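The values are calculated or read from the model by the stated rules, or taken from the named source; none is laboratory data. Because the structure is a prediction, the values reported are computed rather than measured. Positions of Cβ are backbone-derived with ideal geometry, glycine not excepted, and every protein chain shown enters the neighbour counts. Just so you know, the surface numbers come from the protein's heavy atoms only, side chains and all, with ligands and any DNA or RNA stripped out. Shrake-Rupley method; radii C 1.70, N 1.55, O 1.52, S 1.80 Å.
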Amino acid sequence: MRNKVVALEELGELVGDGETVALGGSWYANHPMAAVRQLIRAGRKDLHAMTIVGSVDVDLLAGAGVLGHLSFSMVTLEAFGLAPNVRRGVEGGTLGFTEFTGLGLLIGLEAGHRGVPFLPYRGPFGSDIPAQYPELYSTVTCPFTGEQLTAVRAINPDVAIVHALRSDAEGNAQWDGTTGPDVDMVQAAKRVIITCEEIVPRETIVVNAHMTKVPGYYVDAVIEAPLGAHPTSHVPVYPLDPWQLMEYAGAASGDGWNDYVERIRYESEEDYRGRVLGNGRDKVLHSLVEEARVLEVSEA
C-alpha cells in the first residue's frame, strides 16, 4: 500500500503556475474550498480553471488574481447573486474564457478518460457555442446512419482537485451524497488530488466499499481537510453556510474585497475553521444537518 498523504500546505508544490486545474463540486456543493484557499496562500498564478457549475471557488480564485483562463458552463452564486469577480474579469478582458455547454464539457472529459480524440453527441441544438470554438467542436457524420452529430475534442486537465467525505492513505475516496462531475474530472485528469474530511484506515473503506467512487489507482495525493468544502455544503457533514456566503457576496461586490482576500492569504486553514465556526455557528450548521436527516428518514 502506497501512502499518498500530504499536508495541505504542500498543495502549492503539486500544482504549478499555468496548469489546467479541474475543480470538483457543482452549484453550492462539494467544492474543494480548502484547496482553493491554499492555492491563494501559495501564490499560484495564471491557472486555467475548469468547472461545470462553478461557484464561490472559481470566483474567489478569479478575484485573488490566481486565474489566467476559465473554461466553464456556468459560474454562479445562486441566491446570493452573480459571480462578481468572474463577471468583472470577463467583461473587462482580464480573464480569458472558454464557454462550454455543460454536457459538452462532460463529453470532452469522457473522451479524455477513454483515450479517444473525440466523442460525438446530439446537440447542442440552437446554441452558438460550437461555432465560437471550432478547435473544440466539429460536425461529424455517423458512418452507420448518416446522422450529423456534434463532436467534442477530448479534454485532459493537468490536475483534478475534488473533495470527498473520507479516504484512506492510498486514495480510495468515498462520498455519502452527490459527486457531481467529480468522477468524470478524476478519470480524465493527468494527476488527481483528493481533499477529504478525514483520512481513515483501509478497513473503514472496505466495510463501506459501496461508497467508494474514486479508486486509489487514480489518485496522486490525499489531503485531510476538515470543513474542506466550506462555505459550500458537504452532505452529510455540513450544509452550506449562509453567513459566510453573504459575507463573501458583499465583499466581492463592494469595497471590502482586498481585505477579504488578504485575510485568507495570511491565515492558516485551522485559523479559518476557528473563525467561521465561532459564535455558535458550528452548532447551528450541525443542527441543520441533523434536521435534514430526520426529515429524510420520516419521508422514507
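Checked against the criterion of being open to solvent by 70 Å² or more (accessible area, probe 1.4 Å) and modelled with pLDDT under 90, the candidates Leu277, Leu295 yield just one match: Leu295. Only residues that are without any contact (Cβ under 8 Å) to a residue 12 or more places away in the chain and β-branched (Val, Ile, Thr) were counted across the stretch 107-163, and they come to 2.
Applying a threshold of 8 Å to beta carbon distances and a minimum spacing of six or more residues, or different chains, the list of pairs starting in the stretch 222-233 at a residue that is farther than 13 Å from Asn30 by Cβ and ending at one that is in a loop (DSSP other than H, G, I, E, B) and among the β-branched types (Val, Ile, Thr) reads Val222/Val6; Ile223/Val6. Of the residues Ile161, Ile155, the single one that is of a type in the set (Val, Ile, Thr), open to solvent by less than 20 Å² (accessible area, probe 1.4 Å) and touching a Pro at 6+ places or on another chain (Cβ under 8 Å) is Ile161.
List the strands (runs of 3 or more DSSP E) inside the stretch 136-178, counting only whole elements, that have at least 3 residues being acidic (Asp, Glu).
On the way: elements: 137-141, 148-153, 159-167.
Of the strands (runs of 3 or more DSSP E) lying wholly inside the stretch 136-178, none has at least 3 residues that are acidic (Asp, Glu).
Residues that are touching a strand residue (DSSP E or B) at 6+ places or on another chain (Cβ under 7 Å), β-branched (Val, Ile, Thr) and either open to solvent by 60 Å² or more (accessible area, probe 1.4 Å) or outside any helix (DSSP H, G or I) (or both) within the stretch 183-216 comprise Val192, Ile193, Ile194, Thr195, Ile199, Val200, Thr212, Val214, listed in sequence order.
Taking the stretch 217-234 only, how many residues are assigned to a loop (DSSP other than H, G, I, E, B) and either farther than 17 Å from Thr179 by Cα or touching a helix residue (DSSP H, G or I) at 6+ places or on another chain (Cβ under 7 Å) (or both)?
9
Scanning the stretch 166-182 for residues that are farther than 14 Å from Thr212 by Cα and surrounded by 21 or more Cβ atoms within 10 Å (Cβ to Cβ) yields one hit, Pro181. Among the residues making up the stretch 16-39, those that are in a loop (DSSP other than H, G, I, E, B) and surrounded by fewer than 20 Cβ atoms within 10 Å (Cβ to Cβ) are Gly16, Asp17, Gly18, Glu19, Trp27. Look at the stretch 247-262: where a residue is over 15 Å from Arg88 (Cα atoms) and touching a residue at least 24 places away in the same chain (Cβ under 8 Å) and a partner is among the charged types (D, E, K, R) and crowded, with 16+ Cβ neighbours inside 10 Å, sitting 6+ places away or on another chain with Cβ atoms under 9 Å, you get Tyr248/Asp59. Pro236 fulfils the conditions (1) at pLDDT 95 or above; (2) open to solvent by less than 30 Å² (accessible area, probe 1.4 Å); (3) more than 15 Å from Val21 (Cα to Cα); (4) in contact with an Asp or Glu (Cβ under 9 Å, 6 or more places away or on another chain) except for a single criterion, (1). Can you pull out every residue in the stretch 185-204 that is in contact with a Gly (Cβ under 9 Å, 6 or more places away or on another chain) and either acidic (Asp, Glu) or over 25 Å from Ser71 (Cα atoms) (or both)? Result: Glu197, single match. Within the stretch 63-76, the residues that satisfy the criterion of being surrounded by fewer than 20 Cβ atoms within 10 Å (Cβ to Cβ) and over 23 Å from Asp128 (Cα atoms) are Gly65, Gly68.
For the stretch 80-109, which residues satisfy the criterion of being of a type in the set (Asp, Glu) and either in a strand (DSSP E or B) or open to solvent by less than 20 Å² (accessible area, probe 1.4 Å) (or both)? Break it down into steps so the answer makes sense when it comes.
Filtering the stretch 80-109 down to residues of a type in the set (Asp, Glu) leaves 91, 99.
Passing the criteria: only Glu99.
Report yes if Ala42 is free of Cβ contacts under 8 Å to residues at least 60 places away in the same chain, under 18 Å from Ala249 (Cα atoms), of a type in the set (A, V, I, L, M) and open to solvent by 20 Å² or more (accessible area, probe 1.4 Å), otherwise no. For Ala42, the condition - free of Cβ contacts under 8 Å to residues at least 60 places away in the same chain, under 18 Å from Ala249 (Cα atoms), of a type in the set (A, V, I, L, M) and open to solvent by 20 Å² or more (accessible area, probe 1.4 Å) - is not met.
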